[in-house]
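The values are calculated or read from the model by the stated rules, or taken from the named source; none is laboratory data. The model shown is predicted, which means the values in this text are computed figures rather than measured ones. Because the Cβ atoms are built from the backbone with ideal geometry, glycine has one as well, and the counts that use them run over all protein chains shown.
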Amino acid sequence: MNRLRTLRHYLQHRLNPAHIYCRLCEIGFGRLQARKVSTVYARFYSLTWLG
């Protein structure tokens, strides 16, 4: 059970829209482009992870 909780926390961190935004900026996306992509992703994220 503890492993599942650890995995869930890891995935929640890695798949968090703010984390995605930062990684997009790191790989060369402009701030506006990264914000647009992460905003669309945030909608998907909130429907799947936050239920």
### Task
Sort out which residues of region 34-49 are over 12 Å from the mean Cα position of the chain (by Cα) and at pLDDT below 95, and write them in order of number.
47
### Message
List pairs: first residue in region 19-30 and touching a residue at least 12 places away in the same chain (Cβ under 8 Å), second residue of a type in the set (A, V, I, L, M, F, W, C) and not in a loop (DSSP other than H, G, I, E, B) anywhere in the structure, Cβ distance under 7 angstrom, at least six positions apart or on different chains.
### Response
21/34; 24/34; 24/37
